[in-house]
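Data first, discussion second: the structure below is written as structure tokens.
The values are calculated or read from the model by the stated rules, or taken from the named source; none is laboratory data. Please read all numbers here as calculations on a predicted model, not as lab measurements. As a convention, Cβ positions derive from the backbone with ideal geometry for all residues, glycine included, and neighbour counts pool all protein chains shown. Surface accessibility is based on the protein's heavy atoms, side chains included, excluding ligands, DNA and RNA. Shrake-Rupley method; radii C 1.70, N 1.55, O 1.52, S 1.80 Å.
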Amino acid sequence: QEQLVEFGGGLVQPGGSLRLSCVVSGNIFRSNTMGWHRQAPGKERELVATISSSGLTNYADSVKGRFMISRDNAKNTVSLQMNSLKPEDTALYYCKVTTPYGNYWGKGTLVTVSS
């Protein structure tokens, strides 16, 4: 059964860094686009970054130059390196797999940026 588990969230000061990772079980990782989304309190879920099976990346304008998405196909893992964090980056971060048959989501990991 497909399962996505995120980890790496936590509390960080403005300007700090965090690295999120998502481990995907099942057979849905290698041929599909992986992504990170986030949802801040009182706001809709939004796209943060995606990476295709061939390694093409896409970023929201708000995180360009600060965040970097990567994937390790051997470990079925997608990661999000977040640098120069801002209070407005505070959100629940979700991992997502996009397949021709549907989307799969993790349960999220909380990132709080505060002094």
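Please list, in chain and number order, the residues 5+ apart from PHE67 or on another chain whose amide H is under 5 Å from its amide H, with Hs placed from the backbone.
Placed amide hydrogens put ASN83 under 5 Å from PHE67.
Could you give the length gained on full extension between GLU44 and ASN58, defined as 0.36 nm per residue of separation minus the Cα-Cα distance, in nm?
Difference between extended and current length: 3.1 nm.
Please compute the alpha carbon radius of gyration of the chain, then divide it by the globular-protein estimate 2.2 N^0.38 Å. Two decimals is fine.
That works out to 1.00 for the chain.
Taking 8 Å as the Cα distance limit and 6 or more residues as the minimum spacing, I'd like the relative contact order of the chain as a percentage.
36
Taking θ as phi - 60°, what are the ³J(HN,Hα) couplings along region 94-102 by the Karplus curve (6.51, -1.76, 1.60), each to the nearest whole Hz, with x for Gly and Pro?
Running phi through 6.51 cos²θ - 1.76 cosθ + 1.60 with θ = phi - 60° gives 10, 9, 9, 10, 9, 10, x, 10, x Hz.
How much accessible area per residue does the chain have, in Å², with a 1.4 Å probe?
Values: 6310 Å² over 115 residues.
Per-residue value: 55 Å².
Please compute the net charge surrounding TRP105, taking Lys and Arg as +1 and Asp and Glu as -1 over other residues with Cβ under 13 Å from its Cβ.
Details: positive: ARG38, ARG45, LYS96, LYS107; negative: GLU2, GLU6.
So the environment of TRP105 carries a net charge of +2.
Once amide H atoms are placed 1.01 Å from N in the peptide plane, what residues at a sequence separation of 5 or more from THR99, or on another chain, have their amide H within under 5 Å of its amide H?
HN-HN under 5 Å from THR99: TYR104.
Modelling each spin label as a point 7 Å along the Cα-to-Cβ direction, I'd like the ARG66/GLN81 distance in nm, to one decimal.
1.7
How are the alpha carbon pair distances in region 69-115 distributed across 10 Å bins from zero to the largest one, expressed in percent?
21, 45, 27, 6, 0
Find out how many positive minus negative residues lie around LYS86, taking Lys and Arg as positive, Asp and Glu as negative, among other residues whose Cβ is under 14 Å from that of LYS86.
0
Can you tally the net charge around ASN32? Count Lys and Arg as +1, Asp and Glu as -1, for every other residue whose Cβ sits under 11 Å from the Cβ of ASN32.
On the way: positive: ARG30, ARG71, LYS96; negative: GLU2.
Counting the neighbours of ASN32, the net charge comes to +2.
Please report, as a whole percent, how much of the solvent-accessible surface of region 11-97 comes from carbon and sulfur atoms (probe radius 1.4 Å).
Accessible surface attributable to carbon and sulfur in region 11-97 totals 48 percent.
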